[in-house]
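Participant: Below is one structure. I have some questions about it.
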Amino acid sequence: MVQRRQLLSYIAAAAVLVAATGGALRGGFGSEAAAATNGTLAATAGCGKAPTLTSGTRTISSSGQNRTYILQIPGGYDRNRPYRLVFGFHWLNGSANNVASAGYYGLAPLSNNSTIFVAPQGINAGWANTNGRDLTLFDDISRQVENDLCVDTTQRFALGWSYGGAMSYAVACARPTVIRAVTVLSGANLSGCNGGTQPVAYFGIHGIYDSVLNISQGRALRDTFVRNNGCTAQSPREPSRGSLTHITTTYSGCRAGYPVQWAAFDGDHTPSPVDGSSSPNDSRTWTSAEIWRFFTQFQSTTPPTTAPPTTAPPTTAPPTTAPPTTAPPTTAPPTTAPPTTAPRRRPRRRRPRRPPPRRPPPRPRRRRRPVSRAAAPPPTGRSTAGRAASRARSPSPTTPPPRSAVGPYA
């Protein structure tokens, strides 16, 4: 009860400060990113560098004061991989140590070494944000971390409970081009809302009978981003008292990439409600899983880096002395075509057919002189007259001799 009375007195004082200040300052880290839009930012200067920061409590000078924060670097940190960055703001009379020891509202155990976590320490254990000093602290810590570590600038998030939720809301209002999404647990407008007209993905969680910061204050924060994100106005369902449950509503009609969620639970002012129980419990609460699911729905648009030399172009491009990885060298043909200097495949040689051997021309056939069967050489020693007489006695060559003839001389 004493803590609750202290919180109520701080709330009254914070309201006076917000009215007098008129909101937080806009300068610093947020103004440097104002020209960029979510989803189009590049990897940070710390990408590709050997880090000098280590996990633990760090001290930083901000707005002329020494401020502290706790840094948790993922195990197996890879300097060429852009990491998600999450700020966890503590509650009134809480501390950065409380946030870190509770696993940054239960997100660290779910992160699987994919996230850099930061827990800043508030002045007087709160976030009055006088003259925008706590927004300046957010800017200064972000700059220091991102100059030394590789951060995905499309994946910056903030969350907190009670006064920490109020500070997360202030960051969403004043740094819409820096922060991707926020989760406000049982929050109210205690740290100011400078700007508060640009879209930021928003998740509000609140107990229906919160006795410290009434649920109506949480609904008012939610409705700011229902308008900014272009969502369709509605009255989300909320659980009845005694149901010991929660109801999460996702608004419809919101701009692409800027959702709004609202979770009302049957409970009081607590960051760790448990369905089916009236006793809060950090290890059994449903809030951690729902917050992590809300944050991780946003896909990174920053490609990994390759640690180029310091004289090289940006980390997403190869050194100028080497050809682009997607194009072949100018002296060689494309990888999908054969080299120009390589011979084409030799066609299969066919053996020429041998001509058939040349045969010598046929020898002319010698004509044989026909010899008459009937004629006979004249006997030697006979005279020409005798031969003539003999021919006279011989039958004609064309007429066969009589069968009784024995020979030409019979």
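Participant: What distance in nm separates the simple spin-label points at GLN65 and ASP268, each placed 7 Å from Cα in the Cβ direction?
Facilitator: Going from the GLN65 label point to the ASP268 one covers 3.1 nm.
Participant: Would you mind telling me the antiparallel percentage of the DSSP bridges in region 56-297, rounded to 5?
Facilitator: Numbers: 17 of 43 bridges.
Bridges in region 56-297 are about 40 percent antiparallel.
Participant: Another question, if that's okay. What is the Cα coordinate range of region 56-297 on the first, second and third principal axes, sorted by size from largest, in whole angstrom?
Facilitator: For region 56-297, the Cα extents along the three principal axes come out at 48, 36, 35 Å.
Participant: In addition: Where a ≥ b ≥ c are the square roots of the eigenvalues of the C-alpha gyration tensor, would you call region 90-201 rounded, which needs a/c under 1.5, or, failing that, prolate if a/b is larger than b/c, or oblate?
Facilitator: Values: a/c = 1.42, a/b = 1.12, b/c = 1.27.
It comes out rounded by the Cα gyration axes.
Participant: Show me, for region 279-292, the HN-Hα J-couplings you get by feeding each phi into the Karplus relation (A = 6.51, B = -1.76, C = 1.60, θ = phi - 60°), rounded to Hz, glycine and proline as x.
Facilitator: Result, ordered by residue: 9, x, 7, 4, 7, 10, 5, 8, 5, 4, 5, 5, 5, 4 Hz.
Values quoted throughout were computed directly from the atomic coordinates according to the rules given, and no laboratory measurement underlies them. Source: prediction; values computed, not measured. Heads up, the Cβs are rebuilt from the backbone with ideal geometry, glycines too, and the neighbour counts pull from every protein chain shown.
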